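The values are calculated or read from the model by the stated rules, or taken from the named source; none is laboratory data. All values reported here derive from a predicted model rather than from experimental measurement. Note that each Cβ is placed from the backbone with ideal geometry, even for glycine, and that neighbours are counted across all protein chains shown.
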Amino acid sequence: MSLTTQQPGTGEQVRPGWWDEPFQVFQTNLREIDAGLDVERTLDDVERHGANVWLLNVGGILSHYPTGLDVQTRNPHLDARPGGDLVGDALAAARRRGVRLLARMDFSKVAPAIADAHPEWLYVSPSGERQVFEGLVSVCPSAGYQQERLFDVVDEVLDRYAVDGFFFNWFGFNEVDYAGRVHGVCHCAACVAGFRSRTGLTRLPERAGDEGYRQWRGYAAATIEALTARVRAHIAARRPDAALILGTAADVLFHEANNAIGRTLWPYATGEAVSALRSARPGKPVLVNAVAFWDMPYRLADEQPEMLGQYLAQAISRGANPSTYIMGPTGGIAYGGLAAAAAVTRFHRDHRREYTGLAPAAEVGLVRPDPLDDDGRYGTGTAEHRGLLTGLVERHVPFDVVPVGALETRDVDARFRVLVLPDLPSLSPGAVAALDRFVRGGGSLVATGRSGIGPDGSVVEWFPGRRVVEVAADRDALRSSYVRLDGGPGHAGDPAGSSAGDAAGTAVEGAVLVPRHGRHHRLAWRPDVVGRHLLIRSAPYGPPEKAYGHVAGTEHVGGERRHGAGTVVQLPWVAGTAYLDTRLTRVRDVAVDLVVERLLDRPERRLPVTVEAPEQVEVVVGRSAAGLVVHLLNHSGQRGNGYGPTLPVHRVTVRAAGLAGRPARALAGAASVVDDGEDLLVRVATVAELEVVVIDDGAPATDGRPS
């Protein structure tokens, strides 16, 4: 019998197991002084938290069992423990309770004696130095310790303990240490040879920004991916019922939700990350590990409770399994946020049917740019992506995130009606071909900024634009210029051609204008394009006595074109970035309205799910064994660089088109269900932090797994 099945459209293998059902994790990340851990008391706390899986330190840097291998260091504090085996005691206690045990491993560093005996295993900085932190020496994933001896450690654990799976911490290349110091690209002999073999380049870059760094990141990612796949296959062969929780080649995909000094809060980070993982690899479950302390250097200071709860609420809304991570034994460090984490964990546990097979079901796909895709002049499309994502959240437009690299490997035309391309500086030929098929088959594209525009100013031949006339990116050149929103669409064939707007020379006072802030690629449009919005060129803005002279233009800022059975709308202006900078809702709505119009381009002119609520309520639509699942997340607690107490939102209405008469309920609080013609209305009394509306619509559940 085969242990794996192939995920549709890829060569990637999906291995079924206990991890396909909803599960909840609690991680006790132990220090070496915690070898005397009371396993029964710990399991009491794990179960009270709502978890049925315990993630415990087992081996790697330090073994919490009596290892017989010379590549591990046995924890000396085990001598004070009766029997000298924390892992054996923990596993036996967990088995008695029906709790699963995961082995936390860390192969990123070794003790100095091991490092001295095997210098060929170590990370080497561009200047030839070791990387040492708190006496431990970093190793390199390209070299023999992780490529070979790691398997000896895994085998020893599997030989002795029937653990339910493994998680590998810090499984990557050590360019940065725990203190945030940048050490740079590894220059060990294995990396030099491997990089040359993969890229043909003889010179390794030293750090981010150097020539060849993008190729280095490709080599590093491929190395980790291949090693992860080998580990996964090894574990599967030895113990088919044990999972590997790690990167994209693992059985369970992993994301850590945490805070960091100096990092500006991106409030939707956890939901975005999970959505991207689920879109790219729909057959695999995801685990989100929410960190209970505030930042790595402050492990004894607890995270704001509402922030910890928000991590996990976003995680489960997108179909991930929740995990809470503390330092040391339970009941030790005062982590005040654990109650908030436990509330979400128990909610997930208590609604097993609703979360079984929960899969994304939005009709809009928001493509996420590669953060390394930087052309050196205009930066990445990350700001544009975040601006558009924020706008979709605030307008209650359900969406799922699609990594740009997944466009050519995923069957996007089977998942979405609209794809949004946020200022993507380059699209691979495979991605362009996939998008071509998507639109020809009836899908719609909304492309902003540089999306579809090549470095030479050429435009994808089936896009509305023909060529770039000018790139307006200079702040001085953009000042006192506008995008006009009123006036119907008109023919846009050429920037100098006529439009449906006012005649040239007519004053624009009284028109609806928004600042043309940010970068704008002015395009010459193809003859069959319908124009969207007019460009109002600059005029004096000061002193006040001279602040006049604007005239209505004839050039359109955006254009719409049919392609096959679908439509492409091109807005070569970074409206999302402009919204992040200005927070003008009219700027936001320029792009979001284009998405909504494409969704409404259907005979019934209705959206499947609409929500009446304040902008602070995010709507996430999925489908599970229970039916249509609509998560409502209250972001009203967002403040500055974190989250505080939320303001309860009252009288929220969820409208499900065409589902009148179907059973529906809210999981967290009170709701009334009524029919409105053909539609079903679920009136939710209050959304505190999280509410979930479930509608039994009679449609079959789909989780993206092969049947």
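Figures for the structure shown
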| item | result |
| --- | --- |
| Every residue from region 411-451 that is surrounded by 24 or more Cβ atoms within 10 Å (Cβ to Cβ) and of a type outside the set (A, V, I, L, M, F, W, C) | Pro422, Asp423, Gly443, Ser444, Thr448, Gly449, Arg450, Ser451 |
| All positions within region 225-264 that are of a type in the set (S, T, N, Q) and more than 12 Å from Phe166 (Cα to Cα) | Thr248, Asn258, Asn259, Thr264 |
| Residue match in region 263-286 (condition: part of a strand (DSSP E or B), hydrophobic (A, V, I, L, M, F, W, C) and in contact with a Ser or Thr (Cβ under 6 Å, 6 or more places away or on another chain)) | no |
| Counted residues, region 121-154 - those being of a type in the set (A, V, I, L, M, F, W, C) and in a loop (DSSP other than H, G, I, E, B) | 3 |
| Some residue of region 405-416 being farther than 23 Å from Gly443 by Cβ, in contact (Cβ under 8 Å) with a residue 12 or more places away in the chain and not assigned by TED's automatic domain parsing to the domain that holds Val619 | no |
| Region 437-464, residues that are under 28 Å from Ala414 (Cβ atoms) and part of a strand (DSSP E or B) | Ser444, Leu445, Val446, Ala447, Thr448, Ile453, Val459 |
| Condition met for Tyr145 (more than 24 Å from Gln27 (Cβ to Cβ), buried (at least 17 other Cβ atoms within 10 Å of the Cβ) and either modelled with pLDDT of 95 or more or not assigned by TED's automatic domain parsing to the domain that holds Glu120 (or both)) | yes |
| Qualifying residue in region 248-259 (condition: surrounded by fewer than 19 Cβ atoms within 10 Å (Cβ to Cβ), within 25 Å of Leu56 (Cβ to Cβ) and either among the β-branched types (Val, Ile, Thr) or in the same structural domain as Gln638 (by TED's automatic domain parsing) (or both)) | yes |
| Failed item in (1) touching a residue at least 60 places away in the same chain (Cβ under 8 Å); (2) closer than 30 Å to Ala406 by Cβ; (3) out of contact with any helix residue (DSSP H, G or I) (no Cβ under 7 Å at 6 or more places or on another chain), with Gln13 passing the rest | (1) |
| Complete set of residues in region 507-557 that are in contact (Cβ under 8 Å) with a residue 60 or more places away in the chain and assigned to a strand (DSSP E or B) | Val514, Pro515, His521, Leu523, Trp525, Arg532, His556, Val557 |
| Condition check for Val469: assigned to a strand (DSSP E or B) and surrounded by fewer than 19 Cβ atoms within 10 Å (Cβ to Cβ) | yes |
| Members of region 211-242 found to be assigned to a loop (DSSP other than H, G, I, E, B) and touching a residue at least 12 places away in the same chain (Cβ under 8 Å), listed by number | Gly212, Arg239, Pro240, Asp241, Ala242 |
| Condition broken by Pro322, with the remaining ones in (1) part of a loop (DSSP other than H, G, I, E, B); (2) closer than 19 Å to Thr248 by Cα satisfied | (1) |
| Subset of region 157-190 [closer than 23 Å to Ala143 by Cβ and without any contact (Cβ under 8 Å) to a residue 12 or more places away in the chain] | Val176, Arg181 |
| Check on Arg203, of a type outside the set (A, V, I, L, M) and surrounded by fewer than 15 Cβ atoms within 10 Å (Cβ to Cβ) | yes |
| Any hit, region 72-84, residues being more than 36 Å from the chain's Cα centre (by Cα) and on the phi > 0 side of the Ramachandran plot | yes |
| Scope region 229-246; condition within 22 Å of the chain's Cα centre (by Cα) and surrounded by fewer than 19 Cβ atoms within 10 Å (Cβ to Cβ); matching residues | Ala229 |
| Selected residue [farther than 30 Å from Val693 by Cα and touching a Phe, Trp or Tyr at 6+ places or on another chain (Cβ under 6 Å)] from Ala575, Ala547 | Ala547 |
| Residue satisfying condition, being at pLDDT 95 or above, out of contact with any His (no Cβ under 9 Å at 6 or more places or on another chain) and buried (at least 22 other Cβ atoms within 10 Å of the Cβ), within set Arg526, Arg516, Arg522 | Arg516 |
| Matching residues, region 344-378, being at pLDDT 95 or above and either assigned to a loop (DSSP other than H, G, I, E, B) or over 21 Å from Val619 (Cα atoms) (or both) | Arg346, Arg349, Asp350, His351, Thr356, Gly357, Leu358, Ala361, Ala362, Glu363 |
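One line per residue, one yes/no per condition, for (1) over 22 Å from Ala273 (Cα atoms); (2) at pLDDT 95 or above; (3) among the basic types (Lys, Arg):
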{"site": "Pro205", "(1), (2), (3)": "yes, yes, no"}
{"site": "Ala208", "(1), (2), (3)": "yes, no, no"}
{"site": "Tyr219", "(1), (2), (3)": "yes, yes, no"}
{"site": "Leu227", "(1), (2), (3)": "yes, yes, no"}
{"site": "Ile235", "(1), (2), (3)": "yes, yes, no"}
{"site": "Arg238", "(1), (2), (3)": "yes, yes, yes"}
{"site": "Ile245", "(1), (2), (3)": "no, yes, no"}
{"site": "Ala250", "(1), (2), (3)": "no, yes, no"}
{"site": "Leu253", "(1), (2), (3)": "no, yes, no"}
